[in-house]
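Data first, discussion second: the structure below is written as structure tokens.
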Amino acid sequence: MVDDNLVVVDLQGMGVAGTPCMMNEETFIGPMHLRGEVIRVRGSHADLQCYEDTTGVMVGHEVRLTGHLIEMELGPGLLGATLDGLGNRLEGFGDFLPRGEIVPALDRNKRWKFEAAVNDGDVVSPGDIIGTVKETELVEHRIMVPPLFARGKIKGLRSGEFTAADVIGHVVGEDGIERELTLMQRWPARIPRPAAARLALSELLNTGVRIIDGLNPIMLGGTACTPGDFGTGKTMCQHDLARHSRVKIVIYVGCGERAGEMVELMKEFPKLKDPESGRPLTERTVLFVNTSAMPVAAREGSILVGATVGEYFRDMGYDVLLLTDSLSRQAQGMREMSGRLGEIPGPQAFPAYISAYLTRWFERAGSVICTGERGERRKGSMTTIAALSPDGGDIAGDPPTQASIQTAKAALILSRKRAAARLFPAFDPLECHSKYLDSSRDALQRFFETRELPLWLTFVEAIRDSVVAGERVKSQMEILGERGISDDEYRKYLLGDLVQKAYLCQNTFEAHDSATSLERHYIMMRFLVHLIDLFPLRDKTSMRRQAEQLIFDITQVNYSEACEGGYQALLDSVAGGGR
Amino acid sequence: MKIVYCDISNIDGPILQVRGVSGVGMGEQAILPGYGLAKVVKIQGDTVFMQSLQGSLGVLTTQRTEFTGRPFELPFNADLVMGRIFDGIGRPRDGRPEIQGEHIPVEGPVVNPDRRAMGQGYIETGIPSIDGANTIVRGQKIPIYKLPGEDVNHIVARIIRQARVAGQENFSVVFGGLGLLNEEYLFYREVLEDAAERTIMCVNLGSESPIERLNVPHICCAFAEKLALAGRHVLVVMTDMLRYADALMEVSNAQGKIPSRDGYPGDLYSRLARIYERAVNFAPPRGSVTIIGVNSVPDNDLSHIVANLTGYITEGQLPVERGRFVIMKCLSRLKGLVVGKETRKDHGPIMDACVAAYANALGLREQREMGFSITDPVDLAYLKFAGEFERRFLPADQNLPLDQTLDLAWELAALLPKRVMRIKKELLDEFWKGPQD
């Protein structure tokens, strides 16, 4: 049977006694070699999800079973590459995407300079680093013994120039089998890569976005979601995180979204510089491009291969950020498939397992001790931040969004009202929350103490209180009017408004405001906390004028390179009763 | 290769089933001689499910079916298509002969994102609200939202007649009519006559099959893509995309698919994306495809699923109410790529200032309507500005070159005191038309 991208294959027809088939096995369908995957087996029939457009597929066409799951190629050449949802390198295709063609993720012609780090006879285990390739100025690609190798001795490993597929040496396993080493390895995308141990999270991810780093922190190795209706700046926010986050590697998965936005990233990243090293951002980034017009099954492919590549760099001992825009498109793709399979639908016709599926995917994030027995233990992490696009903009009623908010420990909710008021980033400070403020509080406190920012969490509390109080008074004012509330309450409203406009809002086009380092952020918070204390209680009109002026002045300081003196001058003038 | 069958076993709405078939491929076109065309949408064992483009009214169970062995294709010839009108299956509906030319797939492959260029150049519509405040970039996709009862045909007609690409001769328009009323069809036929040398139309009438309607956007985009590859800049204008979504719902339900939200099928997003994503900017010397889709929005509610998904897919929106663009709700996400870079340096600042001033004036007007008296001379100037802005700038029935649109904006801004303009001093020195403060 063929029904859109669902293809049913008769296993009996494939051999005399029938062919054995594995759940989630990779398959190739028909003379066009369309890539597919077994997603259900019933008696002698297997249901395949086809990753490409099935036009022209006939009953009677042969299906080839490969004997393995869908795999991702891992090795030097990933950084700076633009790959589709199945890991094909897009530059290898012409103007249009052909069907049934494969362009391997790693360019087989490119030669890499490999420096061996172990000698013949050394005993190695899976995960051990056997050498390095300087893949980009920013990243040393650590070549590891693949996870499924047996422990054994190195034989014939040499430094030199190799392509990704060249044999660079062997491991003679303790099981007596000799296995080939290459610069690349393969890993099934659906299965999380192994780690020696999963750790409790202990560090903050510095995203440079103040409303995140301050009020709604994300831990390195943690999870977050950013749900928002169209036009609220979801994609812009993901782009900003990709640019500014202080991590070693960024994996950006464009899943079922506009091609134009991905083109922007593809053309822009080679020109943008990493703030620390001044090198082009492409040198630390892998882009997966699955646009909304591509077949829906490949959406799932994109989030799985994205996670696999992220884990691979994590295993080298790096901090990885996995950004996905948008997870909803994958969930909707699953909904389409579920309908075709005739499964009993859950809410909004999503399959019943959608929440469990998303939880499993988010759980691939984490901070780990990497596998490997030689040398020092490496620590690596993968942090996951996923955007969601709820149908109808209905955050409360959209099952994938709700499942993500439940699972991801920081929920950064974008608000249409704030976007319309041009308050960017348009996160709603009252709706957003980070469970890390509770669950990782001690770890965060220790983290800030080692960074010599000991009062960070205290400042955050004070600032949050101010925002909450301001919003409370604001809603009272909507009923009672300005005259209906006391001057003291009005002061709280003005300060809450000031904190939102001068601190939570950030101008992504201003070099010094677009991303805030932890040190600068700390200075800013300390200033605001003092300002909240010092701001004089006067009549409403005077307070309002002063607050308006302060918002303007603070914004100017935010835009300038050195901020501490500017803030101090403002504090002095407020304390001195200036103006 | 043709395979012929003589029985139809099941008729269920527009879905026809033929049994005992082999050698037929997914998506293949079938001819029902004497009746019409169909497309293979599902194959189960030896049963083929076809979606009949003409519905099923009057289909005999003994109807012959010829499977063509090819997907749905369209004859195309760049030299012959201009000024022509086609129907929802690509046949001429202007009484002139069939096009002789190469056959192109209606739903072709997806453009490689790696081969797309960043948006550049813009489409000048002559309508100040668009060109000035919401410039449409070549390769952009943007919907015009309207209430179901609102008639925007005169605006669409203006865009078809007036649109141009600055400094480029090689510009074409493809118009797609989805479920047009006969009266509307006659209206657009006249529009075509005015711009026949550069316009193609593909029209499905409201009285015709809704299944054929599903083809119209794809036919328009297939033509546009071909022309763009040959170096033309093409604007595709389609109305009304809500009718497309409704036709899709009808077909999906007939196939027994489980609806997801408000009765629409779960793949509505993917389907709409497959249309709008054909908007593209190729690297020169090749051209571009820009798409404007008119979309009725019941109750003006942007959380309505069709408008909402369209919002996720497209790059901005142009809502229309009572014949005017609702400037406060309009957005062109890509305009930053060209404004001030390919247009005059004052373009961005003066338009931002005018829109901000208008927003401020609307707030004042609201206060006045609530019974507060507005007496401050600056406030009164804002109200005067708003009145003139609405009278002279916002109406859609204009045809101004962009430079004149910007001049008009400066002229209107002169109604306000210079000091409230949040514009850089150098620009004010050069462009300010009002009295000095």
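The values are calculated or read from the model by the stated rules, or taken from the named source; none is laboratory data. Here the structure is a predicted model, which is why all the values come from computation and not from measurement. Reconstructed Cβ throughout: ideal geometry from the backbone, glycine too, with neighbour counts over all protein chains shown. Heads up: the accessible areas ignore ligands, DNA and RNA and are worked out on the full protein's heavy atoms, side chains in. Shrake-Rupley method; radii C 1.70, N 1.55, O 1.52, S 1.80 Å.
Of all residues in the stretch A:329-354 being closer than 20 Å to A:Val253 by Cβ and more than 9 Å from chain B (Cβ to nearest Cβ), which is modelled with the lowest pLDDT? Working first, answer last.
Taking the stretch A:329-354 first, the residues closer than 20 Å to A:Val253 by Cβ are A:329-337, A:354.
Checking which are more than 9 Å from chain B (Cβ to nearest Cβ) leaves us with A:330-331, A:334, A:337, A:354.
Working: A:Gln330: 94, A:Ala331: 94, A:Met334: 91, A:Met337: 87, A:Ile354: 94.
By that ranking, first place goes to A:Met337.
The residues in the stretch B:241-280 that are farther than 20 Å from A:Gly342 by Cβ, in contact (Cβ under 8 Å) with a residue 60 or more places away in the chain, open to solvent by less than 10 Å² (accessible area, probe 1.4 Å) and not acidic (Asp, Glu) can be counted, and the count is 7. Checked against (1) more than 14 Å from chain A (Cβ to nearest Cβ); (2) open to solvent by 40 Å² or more (accessible area, probe 1.4 Å); (3) of a type outside the set (S, T, N, Q), B:Pro71 passes all but condition (1). Do we find a residue being at pLDDT 95 or above and within 14 Å of chain A (Cβ to nearest Cβ) anywhere in the stretch B:122-135? Among the residues of the stretch B:122-135, at least one is at pLDDT 95 or above and within 14 Å of chain A (Cβ to nearest Cβ), which makes the answer yes. Across the stretch A:288-321, the number of residues qualifying as touching a Ser or Thr at 6+ places or on another chain (Cβ under 6 Å), open to solvent by 10 Å² or more (accessible area, probe 1.4 Å) and within 11 Å of chain B (Cβ to nearest Cβ) comes to 1. Within the stretch B:139-160, restricting attention to residues that are of a type outside the set (Ser, Thr, Tyr) and within 14 Å of chain A (Cβ to nearest Cβ), the residue that is farthest from A:Gly260 (Cα to Cα) is B:Pro143.
Output the number of residues of the stretch B:302-327 satisfying the condition of being more than 9 Å from every other protein chain (Cβ to nearest Cβ) and either in a loop (DSSP other than H, G, I, E, B) or without any contact (Cβ under 8 Å) to a residue 24 or more places away in the chain (or both). Lay out the reasoning, then the answer.
Applying the first criterion (more than 9 Å from every other protein chain (Cβ to nearest Cβ)) to the stretch B:302-327 yields B:306-307, B:318-327.
Next cut, either in a loop (DSSP other than H, G, I, E, B) or without any contact (Cβ under 8 Å) to a residue 24 or more places away in the chain (or both) only: B:318-319, B:322-323, B:326-327.
Summing the residues that are more than 9 Å from every other protein chain (Cβ to nearest Cβ) and either in a loop (DSSP other than H, G, I, E, B) or without any contact (Cβ under 8 Å) to a residue 24 or more places away in the chain (or both) in the stretch B:302-327 gives 6.
Listed by first and then second residue, the pairs linking a residue in the stretch A:372-383 that is under 15 Å from A:Arg246 (Cβ atoms) to a residue that is in a loop (DSSP other than H, G, I, E, B) and polar (S, T, N, Q), with Cβ atoms under 9 Å apart and 6 or more places separating them unless they lie on different chains, are A:Thr383/A:Ser245. Please determine, by comparing only the residues of the stretch A:27-48 that are within 20 Å of A:Val305 (Cβ to Cβ) and away from chain B (no Cβ under 14 Å), which one is surrounded by the most Cβ atoms within 10 Å (Cβ to Cβ). Going through the qualifying residues, I end up with A:Arg35. The residues on offer are A:Val171, A:Val139, and the sole one that is crowded, with 19+ Cβ neighbours inside 10 Å and in contact with a helix residue (DSSP H, G or I) (Cβ under 9 Å, 6 or more places away or on another chain) is A:Val139. Checked against (1) touching a Pro at 6+ places or on another chain (Cβ under 8 Å); (2) polar (S, T, N, Q); (3) open to solvent by 40 Å² or more (accessible area, probe 1.4 Å), B:Ser9 passes all but condition (1).
In the stretch A:142-163, of all residues being of a type in the set (Gly, Ala, Ser) and closer than 24 Å to A:Ala195 by Cβ, the one that is most open to solvent (accessible area, probe 1.4 Å) corresponds to A:Ala150. Each residue in the stretch A:495-514 was checked for being more than 11 Å from A:Ile211 (Cα to Cα) and not in a helix (DSSP H, G or I), and 8 of them qualify. If we scan the stretch A:409-422, do we find a residue that is surrounded by fewer than 20 Cβ atoms within 10 Å (Cβ to Cβ), in contact with a helix residue (DSSP H, G or I) (Cβ under 7 Å, 6 or more places away or on another chain) and not charged (D, E, K, R)? No: zero hits.
Consider A:Met477 carefully, then state whether it is surrounded by 16 or more Cβ atoms within 10 Å (Cβ to Cβ), touching a Cys at 6+ places or on another chain (Cβ under 9 Å), under 22 Å from A:Leu423 (Cα atoms) and in the same structural domain as A:Gly566 (by TED's automatic domain parsing).
Working: surrounded by 16 or more Cβ atoms within 10 Å (Cβ to Cβ): yes; touching a Cys at 6+ places or on another chain (Cβ under 9 Å): no; under 22 Å from A:Leu423 (Cα atoms): yes; in the same structural domain as A:Gly566 (by TED's automatic domain parsing): yes.
So A:Met477 does not fit the description; no.
In the set B:Met118, B:Met82, only one residue is surrounded by fewer than 19 Cβ atoms within 10 Å (Cβ to Cβ) and away from chain A (no Cβ under 14 Å); that residue is B:Met82.
Looking across the stretch A:188-214 at every residue that is open to solvent by less than 20 Å² (accessible area, probe 1.4 Å) and among the hydrophobic types (A, V, I, L, M, F, W, C), the one that is farthest from A:Lys113 (Cα to Cα) is identified as A:Ile211.
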